[in-house]
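The next block holds one structure in the form of structure tokens; read it before the comments.
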Amino acid sequence: MAISQQAFEQYTVAFYNLENLFDVFNDKHILDDDFTAHGRKDWTPQRYQKKLQKLSDAISKIGTLQTGKLPAIIGVAEVENKKVLEDLIQQPKLLKADYSIIHYDSPDERGIDVAMIYRKDLFTVEYSTPIAVDVTMPNDEPDRTRDILYVKGFLSGMPLHIYVNHWPSRRDGAASTNEKRVAVAQQLMEHVRQVDPHQERKNQEKHLLEGTNIIIMGDFNDDPENDSIRNEILPYGFQNVTAPLKKFHRGSLNYNFKWNLFDQIMVSDSLINDVPEALYFHKADIFDDIMLRQWKGKYRGQPARTFVGRTYKGGYSDHFPVFMILRRN
């Protein structure tokens, strides 16, 4: 007889790009005019509440089939401010998990930030800070982009260093913007080297409380095989646990009928272990349940988006969440 998945001590760690989670109020310091009742998107309180309800419904189901409980940690991207996250975690389907928030305003011109929500009963925060990144290329105007969020804490007694990312987009072309994402990767790894100067992240035999366990998650606007991931992160003690999920017919977002896996999770070698009592990487997946997909038409099977251009569709997000399961040895 098979052992139930819920018989194991295990936790879900996820990342979700929430596709422009803006409130309905105009903030004169950022470019959020579209997301107001009189803006181009006709962003009303009713539409905002519907988006909160849908996102909370999705988050409440990430990894629950495997673990039987709501996610322990969720990194998020494209949130306007802390208030939208407070509204999100107060939704009925998330309220019982008693989530808390880590958020810092970033210099992004549109005001979209990365953040992290976590279950206070499972994760204890020791320290957090935004990491400013500079992607201004020679002879260019200053380019303001999202900070990287760094969080140090303990998941059920296991020390973790977590980086939540949202790297520069490909809007001006993948090749012409590649250098910017490589620059962010290099700056990220410089911080990793400061946190872990002795490369303990490569050690797979350290005691539960002695290892340096690192999780890098985010919307990288690159696929696993691109330079920024393959050459700038993985050679330095990391494994991309989501890379095998990318297929011709599967990914975390779809552009021009081509699947990409821009949303990824990478873990330090130390999380691939059999150390007694330690948490270890068990499995990863894309949460692309039918509830998050378009059901009909030529875009059938793709993420059910909130907007397509200026047209309101009332869906969840243009990205699927990705997640991994950590299990106790």
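A short reminder: the numbers here are calculations on the coordinates, not readings from a lab. Because the structure is predicted, anything quoted here is derived from the model rather than measured. Quick reminder, even Gly has a Cβ in these numbers, built from the backbone with ideal geometry, and neighbours come from all protein chains shown.
How high is the relative contact order of the stretch 1-157, in percent, with contacts defined as C-alpha pairs under 8 Å that are six or more residues apart? Kindly include the intermediate steps, with their values, before the conclusion.
Values: 291 pairs, mean separation 32.2, N = 157.
Normalised by residue count, the contact order of the stretch 1-157 is 20 percent.
Between the DSSP loop rule and a limit of at most 16 other Cβ atoms within 10 Å, which chymotrypsin sites (Phe, Trp or Tyr not before Pro) in the stretch 236-304 are left?
Passing both the DSSP loop test and the Cβ count: PHE248, PHE257, TRP295, TYR299.
At a 10 Å Cβ-Cβ cut-off, how would you order ASP87, ASP222, fewest neighbours first?
Sorted ascending by nearby Cβ count, the order is ASP87, ASP222.
Rounded to the nearest 0.05, what FRET efficiency do LEU234 and THR129 give with R0 = 22 Å and r taken as the Cβ-Cβ distance? Could you check?
Details: r = 25 Å, r/R0 = 1.12.
According to the calculation, E is roughly 0.35.
Hey, if you put +1 on the Cβ of every Lys and Arg and -1 on every Asp and Glu Cβ in the stretch 14-163, which of MET116, LEU55, ASN20 ends up farthest toward the positive end of that dipole?
Sorting the options by dipole projection puts first LEU55.
Dividing the Cα radius of gyration by the Kirkwood radius, what Rg/Rh value follows for the stretch 8-328? Intermediate values should be presented prior to the final figure.
Values: Rg = 18.7 Å, Rh = 19.9 Å.
On the Cα set of the stretch 8-328, Rg over Rh gives 0.94.
Given a cut-off of under 8 Å on Cα pairs at least six residues apart, what relative contact order in percent is computed for the chain?
Values: 756 pairs, mean separation 60.9, N = 329.
The value is 19 percent.
If the cut-off is a Cα-Cα distance under 23 Å, which lysines reach LYS206, setting aside same-chain residues fewer than 8 apart in sequence?
Straight-line reach from LYS206, under 23 Å: LYS152, LYS283.
With +1 assigned to the C-beta of every Lys and Arg and -1 to the C-beta of every Asp and Glu, and no other charges, what is the dipole magnitude of the chain about the Cα centre in debye, to the nearest 20?
On the way: 42 positive and 46 negative charges, 315 e Å.
Dipole magnitude for the chain comes out near 1520 debye.
Where in the stretch 45-67 is the amide nitrogen less than 13 Å from a point lying 7 Å along the Cα-to-Cβ axis of ASP87?
Output list for this probe position: 45-56.
Where both residues lie in the stretch 8-328, what percent of DSSP beta bridges are antiparallel, nearest 5?
For the stretch 8-328, the DSSP antiparallel bridge percentage is about 80.
Return the aspartates and glutamates within reach of LYS41: Cα separation strictly under 13 angstrom, same-chain partners fewer than 8 residues apart disregarded; answer none if there are no such residues.
Straight-distance partners of LYS41: ASP23, ASP32, ASP33.
Could I get the Rg over Rh figure for the stretch 1-78? Both from C-alpha atoms, Rh via Kirkwood, rounded to two places. If you can, show how the numbers build up before the last one.
Details: Rg = 17.5 Å, Rh = 14.8 Å.
Taking Rg over the Kirkwood Rh, I get 1.18.
When the helices in the chain are scored as -39500 (n - 2.57) per DSSP H run of 4 or longer and the sum is shared across all residues, what 222 nm value do you end up with, to the nearest 500 deg cm²/dmol?
The helix-only estimate for the chain comes to -5000 deg cm²/dmol at 222 nm.
Label ASP143 and LYS296 with points 7 Å out from Cα along Cα→Cβ: what is the distance between them in nm?
4.3 nm
Mean Kyte-Doolittle of at least -0.5 and a Cα length of 27 Å or more along the axis: which whole DSSP H helices of the chain meet both?
Both cut-offs are met by 174-195.
Just how far, in whole angstrom, is the stretch 208-268 from the stretch 136-168 if you go by their alpha carbon centroids?
If you average the Cα positions of each part, the centres end up 15 Å apart.
Of ILE215, LEU261, HIS198, which is farthest towards the positive pole of the stretch 183-271's charge dipole, taken about the Cα centre with +1 and -1 on the beta-carbons of Lys, Arg and Asp, Glu respectively?
It is LEU261, whose Cα lies furthest towards the positive end.
Could you give the dipole magnitude of the stretch 171-241 about its Cα centre, charging the beta-carbon of Lys and Arg +1 and that of Asp and Glu -1, in debye to the nearest 20?
Magnitude of the dipole: close to 100 debye.
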